[in-house]
1. Between a residue in the stretch 196-211 that is more than 19 Å from Cys360 (Cβ to Cβ) and any residue that is within 16 Å of the ligand (Cβ to nearest atom) and assigned to a strand (DSSP E or B), which pairs come within a Cβ distance under 8 Å, given they are 6 or more apart or on different chains?
2. Ala313 - would you say it is farther than 26 Å from Ser12 by Cα and away from the ligand (no atom under 16 Å from the Cβ)?
3. Might you let me know whether the stretch 62-85 holds any residue that is under 18 Å from the mean Cα position of the chain (by Cα) and in a strand (DSSP E or B)?
4. For the stretch 323-353, name all the residues that are of a type in the set (Asp, Glu) and either in contact with an Asp or Glu (Cβ under 6 Å, 6 or more places away or on another chain) or more than 21 Å from Ala215 (Cβ to Cβ) (or both).
5. Restricting the first residue to the stretch 356-374 and requiring it to be without any contact (Cβ under 8 Å) to a residue 12 or more places away in the chain, which pairs with a second residue that is open to solvent by 50 Å² or more (accessible area, probe 1.4 Å) meet a Cβ separation below 7 Å and a spacing of at least six or different chains?
6. Looking at the stretch 241-263, I want the residues that are more than 24 Å from Leu213 (Cβ to Cβ) and have a partner that is in a loop (DSSP other than H, G, I, E, B) with Cβ atoms under 6 Å, at least 6 apart or on another chain. Which pairs are those?
7. Whether any residue in the stretch 49-58 is within 25 Å of the chain's Cα centre (by Cα) and closer than 30 Å to Leu116 by Cβ is what I want to check.
8. Cβ contacts < 7 Å: first residue within 14 Å of Gly326 (Cα to Cα) and assigned to a loop (DSSP other than H, G, I, E, B), restricted to the stretch 270-288; second residue more than 7 Å from the ligand (Cβ to nearest atom) and open to solvent by less than 40 Å² (accessible area, probe 1.4 Å), any location; separation 6+ or different chain. Result?
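The values are calculated or read from the model by the stated rules, or taken from the named source; none is laboratory data. Predicted model, so just to flag it, every value in this text is computed and none were measured. Note that we place each Cβ from the backbone using ideal geometry, even for glycine, and neighbour counts take in every protein chain shown. Heavy atoms of the whole protein, side chains included, go into the accessibility calculation; ligands, DNA and RNA do not. Shrake-Rupley method; radii C 1.70, N 1.55, O 1.52, S 1.80 Å.
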Amino acid sequence: MRDFLLVINAGSSSLKFQVFDVCDDRLDMRLRGQIEGIGTRAHFKALEAAGAVLADEPLPAGQDQRAALDHLGNWLRQAAADGHLIAVGHRVVHGGAHYSAPTRVNAQLLRELESLVPLAPLHQPFNLTPMRTLLEAQPELPQVACFDTAFHRTQPLLAELFALPRQFYDEGVRRYGFHGLSYEYIARELPRRAPELAHKRVVVAHLGNGASLCALDHGCSVATTMGFTALDGLPMGTRCGGLDPGVVIYLARERGMGIDAIEALLYQRSGLLGLSGESNDMRALLASTSPGARLAVDYFVYRIAREIGSLAAAMGGIDALVFTAGIGENSPHIRAQVATRLRWLGLELDAAANDSGAACISRPGSRLAAWTIATNEELMIALHTRELLNLSPAQ
Ligand code: ADP
């Protein structure tokens with residue numbers, strides 16, 4: 001029987017998963033899939049590593065996260081019947097100030113992570129439910145929590161501070177940063193793909209539905225655009241990104257908006273969706289001819305370029321830019337627009353390489369190198385899980 005690892009990335013309405021075979025010196029992705037529309041019209045889809053569809057079916061309407069997990073468990077028992085599940089790795093958005101490395105899941109850890117829910121109310125509760133459910137159902141099954149904040153714990157104090165009275169920092173009100181598993185994967189890949197850049201100053205642009213930038217110096221995070229929550233920094237699909245906190249005070253005092261209404265506005269109705277009035281989806285905006293869509297895309301690109309300048313200043317220079325995640329990996333148009341705004345930093349884009357999806361997209365001799373590297377947060381979680389539990393395949 002083969003040993004396999006399950007990786008779970010659970011969000012508010014979706015549950016993504018990957019199954020890895022644990023081989024001698026590597027992890028082979030075997031299955032992947034997701035349940036989308038949890039709570040409304042849930043739909044289950046699973047694919048083989050090579051892309052063949054194994055399941056593509058609606059689930060009964062209104063299923064909650066636990067029911068979705070049950071469905072996945074039952075399906076996996078059949079689909080991976082020739083294997084033995086030896087561990088589960090989970091993506092957890094917030095590890096707070098304390099958790100700077102992957103950690104074995106137990107009741108105490110869950111209690112501590114529960115206390116961080118107010119810092120990530122729209123993500124953390126959904127990350128915790130699968131861990132709790134599995135711990136209750138199969139206490140002997142090892143589980144590992146991998147934190148999106150952990151990779152940024154190398155940031156210097158100056159990068160973590162807000163200019164509030166110091167007691168707030170001590171209480172945990174600081175810039176944590178997110179998308180850490182994605183940045184860690186890119187930092188791990190750079191020495192293989194572009195060894196000349198691994199020890200240089202690199203800005204990684206994780207541009208997906210959630211979007212942020214990270215400044216890597218010698219492969220370590222030294223600054224990032226997201227802060228105390230995953231709301232700060234770049235505009236995103238539905239999140240506003242950086243906002244004058246005075247706007248929040250105005251909305252509450254002058255517009256009489258309650259805190260829940262403000263939260264919904266900033267997290268769910270702003271960003272690309274708010275500006276365009278059309279869609280949070282970059283593909284839809286690029287296909288649209290409306291002025292709103294155009295404005296939203298222009299603002300996205302403008303903020304990315306501005307924030308790259310800020311991170312370059314934080315590092316005292318910049319040697320390379322790496323694009324990743326849904327938009328960063330798949331949109332030559334957005335990459336080209338950002339590159340145009342970064343000509344002043346010495347970026348000379350190789351248009352043909354950019355259009356063809358090549359890895360290195362800058363011209364030879366460009367003072368600022370540019371790359372596109374696909375991220376793989378799930379593999380990072382699987383690697384951490386294997387390492388922490390010291391797992392090797394059954395003999
Ligand atoms: P998440 O943060 O949900 O993991 P992804 O990394 O999957 O998000 O990115 C989703 C975004 O990527 C969406 O805005 C989608 O429109 C965009 N995207 C995917 N493919 C393309 C493409 N070919 N061109 C432009 N945008 C794309």
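1. From residues that are more than 19 Å from Cys360 (Cβ to Cβ), the pairs are Ala211/Ala205.
2. Details: farther than 26 Å from Ser12 by Cα: yes; away from the ligand (no atom under 16 Å from the Cβ): yes.
Judged against the criteria, Ala313 is a match.
3. Here is the first cut: in the stretch 62-85, the residues under 18 Å from the mean Cα position of the chain (by Cα) are none.
No.
4. Residues of the stretch 323-353 of a type in the set (Asp, Glu): 329, 348, 350.
Within the stretch 323-353, Glu348, Asp350 qualify.
5. Within 7 Å, no pair qualifies.
6. Leu251/Met257
7. No, because not a single residue in the stretch 49-58 is within 25 Å of the chain's Cα centre (by Cα) and closer than 30 Å to Leu116 by Cβ.
8. Here the result reads Asn280/Thr238; Asn280/Gly271; Asn280/Leu272, each pair linking the stretch 270-288 to a residue that is more than 7 Å from the ligand (Cβ to nearest atom) and open to solvent by less than 40 Å² (accessible area, probe 1.4 Å).
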